[in-house]
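This report refers to the structure that appears directly beneath it.
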Amino acid sequence: MVTAIERRPGIGTGPSINPGRNDMNARYLAAAAALALVAGTSAKAEDLTLCWAAWDPANALVELSKDFEAQSGYKMNFEFVPWPNFADRMLNELNSGGKLCDLMIGDSQWIGGSAENGHYVKLNDFFDANGITMDAFVPATVTGYSEWPKNTPNYWSLPAFGDVVGWTYRKDWFERPEIAAAFKEKYGRDLVAPQTFAELKDIAEFFQGREIDGKTVYGASIYTERGSEGITMGVMDVLYSYGFRYENPDKPYDMAGFVNSPGAVAGLEFYKSLYDCCTPPGMSNAYMGEGIDAYKSGQVAMQMNFAFTWPGFEVDPNVGGGKTGYLVNPAGPDGQRFAQLGGQGISVVSYSEKQDAALEYIKWFAQPEVQAKWWSMGGFSCLRAVVEDPGFAASQPYAQTFLDSMAIVKDFWAEPSYATLLSDSQKRFHDYVVAGQGTAQEALDGLVQDWTTTFEDEGKL
């Protein structure tokens, strides 16, 4: 999935995380510029090039990989592309059979096309020969990042970076006596972290336009970005909990009555209502970076964003030090609670002439001690030994929220036609939510038509 500089990391773990480490997220804009050309253009025969997005976790991986260089004798080069361009740049590279990348940390939605089109090396035999078992990784990350077809033991990536959409809120504002009293007077209940989307909207409306510390604040930052994947990630994060399903569970690619179910319609209507009532001015094309900025600057009481942003909030002087609370995606009207999966796996590119060396990197990266260090440096490990460590839940204020969130994840289509499916949803959702065109029912009916045409063209319907 794709965003503006930052997007989806995921499983944090490790009791040894250093609260004083550099604030990676605070530097995301600088990182995007600096990392776009980290790799040199001329690689030696013993060099390996790893391709990923230009975002803060990439900084941590560069540092971590120095251990691999020291142990293996290989030199690591890095080709990092800003998120808005990442999918187009790297999918073009793969589709053309390019040899730039030996290793690819590609988005979870690419795995279907990358597997079926022969872009990635199948890793089953390599895993078996080296004692790497997918049972050692968080199940949701195996399904989301490694398997194609889904729910089959066919592995094309090693889970590398887990992530999930959740929420942050200004815990310090919620706890102010005068604010808490005003909320209770109006709603008859305590101002606490919302457990349902209805409660979240009440809180957002309460804060919208309120003055705090001499500054006008707003209810919530949500995803509305049109160009890459933003509004789809945001809308789906809500629709799943309202009953949306991609297809009939008994008939693959039969979407009528599921994509456009009454629950899905209600969820899309809710998303638009939240955008209309409770977002800051100028947030009509916002994704992760804009959400981070709005939250850190004290513009909003609540923020939708992927978990990878959370470590940066903890060390930020404006919102860290106990000022921020972390929230699992709220439940829909029927009590269902799901969250949009983020994150990526690491794969060997089939066009690489250095596949053996690339496999050495994956073997090294899979080691428990490397995964523990990955977490400690700001990466988001998917290894169960890291995230299930008894000390993990207490290792950071957001750790338990992360674990609870990863237990309820769902993901966007990972079909080979992912890019087309995503483009359709981006247009339909943005036209309705932001541009105010038509109704939610019409938007979802249109999406069924769009997606049906795609699958008919592929011979799947």
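Things worth noting here:
Quick grid of which residues meet (1) closer than 30 Å to GLU247 by Cα; (2) of a type in the set (Gly, Ala, Ser); (3) not assigned by TED's automatic domain parsing to the domain that holds LEU50:
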| residue | (1), (2), (3) |
| --- | --- |
| TYR351 | no, no, no |
| TRP364 | no, no, no |
| TRP374 | no, no, no |
| VAL386 | no, no, no |
| TYR398 | no, no, no |
| ASP404 | yes, no, no |
| THR439 | yes, no, yes |
| LEU444 | yes, no, yes |
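- Residue tally, condition farther than 12 Å from PRO159 by Cβ and assigned to a strand (DSSP E or B), over the range 103-148: 5
- You will find that of LEU91, LEU100, the residue that is assigned by TED's automatic domain parsing to the domain that holds GLU353, of a type outside the set (Ser, Thr, Tyr), surrounded by fewer than 24 Cβ atoms within 10 Å (Cβ to Cβ) and not in a loop (DSSP other than H, G, I, E, B) is LEU91 and no other.
- In the range 404-420, the residues that are of a type in the set (Asp, Glu) reach residues that are in a loop (DSSP other than H, G, I, E, B) with C-beta atoms within less than 6 angstrom, at least six apart or across chains, in these pairs: ASP404/VAL328.
- Failed condition for ALA393, given (1) touching a strand residue (DSSP E or B) at 6+ places or on another chain (Cβ under 7 Å); (2) without any contact (Cβ under 8 Å) to a residue 60 or more places away in the chain: (1)
- Only helices (runs of 4 or more DSSP H) whose full extent lies in the range 160-279 are considered here, and the ones with at least 3 residues that are surrounded by fewer than 21 Cβ atoms within 10 Å (Cβ to Cβ) are 171-174, 177-187, 197-207, 262-278.
- Residue within the range 392-404 that is among the polar types (S, T, N, Q), within 21 Å of the chain's Cα centre (by Cα) and surrounded by fewer than 20 Cβ atoms within 10 Å (Cβ to Cβ) present: yes
- Qualifying residue in the range 290-300 (condition: part of a strand (DSSP E or B), farther than 19 Å from PHE206 by Cα and modelled with pLDDT of 95 or more): no
- Tabulated pairs, the range 69-90, first closer than 18 Å to SER114 by Cβ, second assigned to a helix (DSSP H, G or I), C-beta under 7 angstrom, 6+ apart or interchain: VAL81/ARG89; VAL81/MET90
- Applying the condition of being in a helix (DSSP H, G or I) and hydrophobic (A, V, I, L, M, F, W, C) to the range 411-436 and asking which residue is farthest from the chain's Cα centre (by Cα) yields VAL433.
- Criterion violated by GLY379 - all others in (1) crowded, with 16+ Cβ neighbours inside 10 Å; (2) farther than 20 Å from ALA307 by Cα; (3) not charged (D, E, K, R) satisfied: (2)
- For PHE183, the stated conditions do not hold, so it cannot be described as at pLDDT 95 or above and either under 15 Å from VAL300 (Cα atoms) or under 21 Å from the mean Cα position of the chain (by Cα) (or both).
- Among the candidates PHE126, PHE80, residue that is among the aromatic types (Phe, Trp, Tyr) and either surrounded by fewer than 21 Cβ atoms within 10 Å (Cβ to Cβ) or outside the structural domain of MET377 (by TED's automatic domain parsing) (or both): PHE126
- Boolean, ALA331 is on the phi < 0 side of the Ramachandran plot, over 17 Å from the mean Cα position of the chain (by Cα) and surrounded by 18 or more Cβ atoms within 10 Å (Cβ to Cβ): yes
The values are calculated or read from the model by the stated rules, or taken from the named source; none is laboratory data. These figures come from a predicted structure and were not determined experimentally. Heads up, the Cβs are rebuilt from the backbone with ideal geometry, glycines too, and the neighbour counts pull from every protein chain shown.
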